[in-house]
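The values are calculated or read from the model by the stated rules, or taken from the named source; none is laboratory data. As the structure is a prediction and not an experimental result, all values here were calculated from the model. A quick note on method: Cβ atoms are made from the backbone with ideal geometry, for glycine too, and the neighbour counts reach across all protein chains shown. Ligands, DNA and RNA are stripped out before the accessible areas are found, and what is left, the full protein with its side chains, is counted by its heavy atoms. Shrake-Rupley method; radii C 1.70, N 1.55, O 1.52, S 1.80 Å.
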Amino acid sequence: MKTRVLGKTGFNVSEIGLGCWQLGNDFGAIEDSEAAAILQAALNEGVQFFDTADVYGGGLSEQRIGQWRAALSKPPVIATKVGRNPELYPDGYSKAKVKQSLQASAQRLGVESIDLAQLHCVPRDVLFSGDLLAWMEDFKKDGIIQHFGASVEMLDEAMFCCDHPEIASLQILFNVFRQDAVESLLPLAEKNNVGVIVRLPLASGLLTGKMKLDRIFDEQDHRFYNKDGAAFHVGETFNGIPYEKGVALVDKLNGKLPEGHNILDVSLRWILDQPQVSSIIVGASRSSQVVRNAAASSLSPLSKELHEMLGDFYRSDVRNAIRGGI
Ligand SMILES: NC(=O)c1ccc[n+]([C@@H]2O[C@H](COP(=O)([O-])OP(=O)(O)OC[C@H]3O[C@@H](n4cnc5c(N)ncnc54)[C@H](OP(=O)(O)O)[C@@H]3O)[C@@H](O)[C@H]2O)c1
C-alpha cells in the first residue's frame, strides 16, 4: 500500500483508506464481529486512514473503532466529523456544544486528542460565517483535536475552506461521475497544502458495476430512504444521480472500457491518478470488499486515452444528470 502526505497534518496516510459509515449500520445491519473483521482486514492490507463521524449509527461506528483501536500497539490515523448531530444541526451551533460533541467523540474513539476533526457538511451560511472554523482553531490550541478539516457538499464551499490558513484537509465527493474538482479545487488544494480526502469514490456502490435495477436496499440503508434526496442533500446518495439513470450510465460506460478493464478498478485508479488526492475513503460492508479495494494502490496508472475517454463521457453523459448542483 502506497502512502501520501495528508496536507498540513503531515500524516502519512494510505492511498486507500476506509470509510466507516457502514460500521454505524447505516447501510444495513452489520454484526459486531463483521465490523471488527472489516477494520482488521483494512489494517492487514496496509490501510492507515479511517474516516468516521459522531452521527454514524448515533456513535456506533466510533465506538466500534474505539474498541478495536484499544488493542492496537500502533494505531492508524482516525478522522471523525462534527456538525450533524441533532444537538447542533441545523441551527444549534455554539462553541460549548461543538466542544462537547468533540469530547464525546474522543471518548468513544478512546483518544485524548482527535487526530483530525472535520466539519461535517454544516449548512452553507454557518460555514461561511467562519465561527466554526475559528472555534476549531481554538480546540486545536487546547489540544482537544490535533488538526481540523472540513467535509463539504459543494465546490464553492470547498474553495472557501481551502483558503483558510489553518485548515489541514478537505473531504469532497469526487469520482469518475463527479469530476469538476480536477480543474478548480485540486490545483488550489495543492497550492495551499490542503490534503484532499475523497468520499463516495464508487458513487455509493454504483461504480462497482454490481448494481441492478431490481436491487432492494434495506430500509435502514440511506440508499433506500435517501435514494431521491428526501432525507439529506440531494447530491449525495448515488452521487445525486437518479438510481435508474445511474445504472444505465454505468452500463454504457462499461461498454466503452478497453478489454481487460473493469469499472471498479478504473474508478479507484482514476482518482489515485490525481496527484493532489491524499486518500480515498472507500466504504465497505464486508471485509472481502476491503481487500479488493486496497489492491487499487498497486495498479498501474490509467492510459492518457482512457483518461480522455472518461473525461469526455463525464461531460457528455453524466454531468447534466447530477441533481443539486456541484
Ligand atoms: N458528508 C460526508 O462527510 C460523507 C458522506 C458520505 C460518505 N462519507 C464517508 O465516505 C465513505 C465512503 O462513501 P460511501 O461508503 O457512502 O460510498 P462508496 O465508497 O462510493 O460506496 C461504498 C459501497 O460500495 C460497495 N462496495 C465497496 N467496495 C466494493 C467492492 N470491492 N465490491 C463490491 N461492492 C463494493 C458497497 O456496497 P454494498 O453495501 O451494497 O455492498 C459499499 O457499501 C463513507 O463510508 C464515509 O466514511 C462522508
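Here is a check on your reading of the model: is residue 127 part of a helix (DSSP H, G or I), under 25 Å from residue 324 (Cβ atoms) and touching a helix residue (DSSP H, G or I) at 6+ places or on another chain (Cβ under 8 Å)?
yes
May I ask you to list the residues in region 226-249 that are touching a helix residue (DSSP H, G or I) at 6+ places or on another chain (Cβ under 9 Å) and closer than 24 Å to residue 119 by Cβ? Passing the criteria: 226, 229, 231, 232, 233, 234, 236, 237, 238, 239, 240. Condition check: within 14 Å of the ligand (Cβ to nearest atom), over 22 Å from residue 1 (Cβ atoms) and either surrounded by fewer than 19 Cβ atoms within 10 Å (Cβ to Cβ) or aliphatic (A, V, I, L, M) (or both). Does residue 117 satisfy that? Criteria met by residue 117. Considered as a group, the residues in region 66-79 that are out of contact with any strand residue (DSSP E or B) (no Cβ under 6 Å at 6 or more places or on another chain) and not in a loop (DSSP other than H, G, I, E, B) include one that is nearest to residue 145 (Cα to Cα), and that residue is 66. Tell me, which residue of region 40-83 that is within 26 Å of residue 5 (Cβ to Cβ) and of a type in the set (D, E, K, R) is nearest to the ligand (Cβ to nearest atom)? Step by step, filter region 40-83, then rank; the result is 51. Condition (residue is in a strand (DSSP E or B) and either within 15 Å of the ligand (Cβ to nearest atom) or not charged (D, E, K, R) (or both)) applied to region 241-252: is it met by at least one residue? Within region 241-252 (the criterion being in a strand (DSSP E or B) and either within 15 Å of the ligand (Cβ to nearest atom) or not charged (D, E, K, R) (or both)), the answer is no, since none of the residues qualifies.
For (1) of a type outside the set (A, V, I, L, M, F, W, C); (2) farther than 19 Å from residue 26 by Cα; (3) open to solvent by 50 Å² or more (accessible area, probe 1.4 Å); (4) within 12 Å of the ligand (Cβ to nearest atom), each residue gets a yes or a no:
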| residue | (1), (2), (3), (4) |
| --- | --- |
| 196 | no, yes, no, no |
| 201 | yes, no, no, yes |
| 204 | yes, no, no, yes |
| 213 | no, yes, yes, no |
| 228 | yes, no, yes, no |
| 235 | yes, no, no, yes |
| 257 | no, yes, no, no |
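Select from region 78-94 the residues that are closer than 27 Å to residue 14 by Cα and touching a helix residue (DSSP H, G or I) at 6+ places or on another chain (Cβ under 8 Å) and list them in ascending order.
Selection gives 78, 80, 82, 83.
When residue 51 is tested against the conditions (1) among the charged types (D, E, K, R); (2) open to solvent by less than 30 Å² (accessible area, probe 1.4 Å); (3) closer than 17 Å to residue 112 by Cβ, the lone failure is (3). Does residue 13 meet the test of being open to solvent by less than 40 Å² (accessible area, probe 1.4 Å) and touching a strand residue (DSSP E or B) at 6+ places or on another chain (Cβ under 6 Å)? Spelling it out, residue 13 is indeed open to solvent by less than 40 Å² (accessible area, probe 1.4 Å) and touching a strand residue (DSSP E or B) at 6+ places or on another chain (Cβ under 6 Å).
Need the failing condition index for residue 272 against (1) over 23 Å from residue 43 (Cα atoms); (2) crowded, with 17+ Cβ neighbours inside 10 Å, just the number. (1) is the only condition that residue 272 fails. Do we have residue 84 as touching a residue at least 40 places away in the same chain (Cβ under 8 Å) and open to solvent by 20 Å² or more (accessible area, probe 1.4 Å) here? The answer is no for residue 84. Exactly one residue out of 244, 190 is closer than 26 Å to residue 79 by Cβ, open to solvent by 10 Å² or more (accessible area, probe 1.4 Å) and over 16 Å from the mean Cα position of the chain (by Cα): that is 190. For region 19-39, the tally of residues that are at pLDDT below 95, among the small types (Gly, Ala, Ser) and either surrounded by 18 or more Cβ atoms within 10 Å (Cβ to Cβ) or near the ligand (Cβ under 9 Å from one of its atoms) (or both) stands at 1.
In region 288-306, the qualifying residues are those that are open to solvent by 50 Å² or more (accessible area, probe 1.4 Å) and closer than 18 Å to residue 176 by Cα, and the one that is nearest to the ligand (Cβ to nearest atom) is 299.
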